[in-house]
Ligand SMILES: Nc1ncnc2c1ncn2[C@@H]1O[C@H](COP(=O)(O)OP(=O)(O)OP(=O)(O)O)[C@@H](O)[C@H]1O
Ligand SMILES: [Mg+2]
């Protein structure tokens, strides 16, 4: 497939919290979203996972309007990891198998491999999620989303609760998934270093508006707007 | 009935006893005096009025008396129970329908198997028990449902985002809601007669009916109540949880 093919396209998308957002995500691309607290970053991810509906504008996935794709299928293909882990009562294994189980594909779900992917030992399988630390819970949540084999991954500050070493592992993992599985990643982060390190493309959102977007290396070097320049300085 | 009657004077004494908790509340500044006095007066007045209403109803032809009063009870119960789920769309019509259907169903069973004759003296009091208990269970279920949906919002979103349908995403919530709504009745059934004699049985025994005959009535009543409570809570929960989602399988924030 063409690397430049757009996998997600947002056209003039608005909600009561977002105004006229337009951008493109490309296949095998990592895009980072930055912006002040309350800017609407999480809200944007909700729209792409179709947990919320835009009041105007259109979103396309692989050229198809997402309104024309069965909702559950879309949500599996555009997987999402939330700002909080939101694990279900039960063991790590039960959580990881949740998605595949819904579709009766539990046999295809290699829990050991998924735990391995997020740097958790296999002994964690039978651990109750309530006994896990915040960072461990977040990693189980990431594994749970991976279990659905998404082709786009939406991450909402997925590494903000993790230490430097685990964060590095997750970052390596994302890069590996992009290279090997051709996954596109859209990640919200408060960590500007991470946004610059991981992003090929960066979106800067403030007060519900997409004020700046472009190749990460370019806009971090030469911000076009005062807003983004100010934000980088803080 | 061979039971002795309570004179006006002795009735007055029991009311005087209400001043014990009132003075306690006053001494310990519990700020409950007004509520206690008000609810006692209200309770007494309500009961007297009901006494007259029942006398009036029992004098009417069965059809009219039963029809009139059961309708009133069902509507009052539906209004009361649905208040607990104010934010849920269609809560009143759904609750009204569920309580009515259950009452009609239970009443038909009673008449069909000849547990009671079709007379206002029998049908109205036991319908009252069934409807009253259903009202409480529905209220609990609605309260629980709302609470769960705001408490568990994140997990429901997570489930939806993993490809769950609204049905699959609310499974846990529905279970917890029903457990909460039914547990008081299940516990009550387990200890029935051991801790507290059920109100109706107490009444029958005081009225001179032999305990073994009273027990038979109580079995019919208790199980009828249990069945209707369970059916009501389940139907209401299963009919209403869907309103927390739209047709795009998105969670609607009804609590805000
Ligand atoms: N469920 C909701 N109902 C109403 N307003 C909301 C809701 N969730 C978020 N908001 C508001 O929408 C705006 C955008 O919120 P959003 O969570 O998208 O911001 P964010 O950029 O992700 O912020 P943060 O970096 O703090 O996570 C905020 O003003 C927020 O208060
Ligand atoms: Mg956010």
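The values are calculated or read from the model by the stated rules, or taken from the named source; none is laboratory data. On a predicted model such as this, the values are computed, not experimentally measured, just so you know. Reconstructed Cβ throughout: ideal geometry from the backbone, glycine too, with neighbour counts over all protein chains shown.
Being under 30 Å from residue A:70 (Cβ atoms) and part of a loop (DSSP other than H, G, I, E, B) is a condition met by at least one residue of the stretch A:113-123. So for the stretch B:146-160 (the condition being in contact with a strand residue (DSSP E or B) (Cβ under 9 Å, 6 or more places away or on another chain), without any contact (Cβ under 8 Å) to a residue 24 or more places away in the chain and more than 25 Å from residue B:92 (Cα to Cα)), does at least one residue qualify? Yes. Look at residue B:255 and say whether it is modelled with pLDDT under 90, within 25 Å of residue B:137 (Cβ to Cβ) and not assigned by TED's automatic domain parsing to the domain that holds residue B:110. Considered against the rule, which asks whether it is modelled with pLDDT under 90, within 25 Å of residue B:137 (Cβ to Cβ) and not assigned by TED's automatic domain parsing to the domain that holds residue B:110, residue B:255 comes out as yes. Of the helices (runs of 4 or more DSSP H) lying entirely inside the stretch A:1-109, those carrying at least 1 residues that are within 13 Å of ligand 1 (Cβ to nearest atom) are A:41-48.
Considering the stretch A:34-78, the residues that are surrounded by fewer than 20 Cβ atoms within 10 Å (Cβ to Cβ), within 13 Å of ligand 2 (Cβ to nearest atom) and more than 13 Å from chain B (Cβ to nearest Cβ) include one that is farthest from residue B:246 (Cα to Cα), namely A:36.
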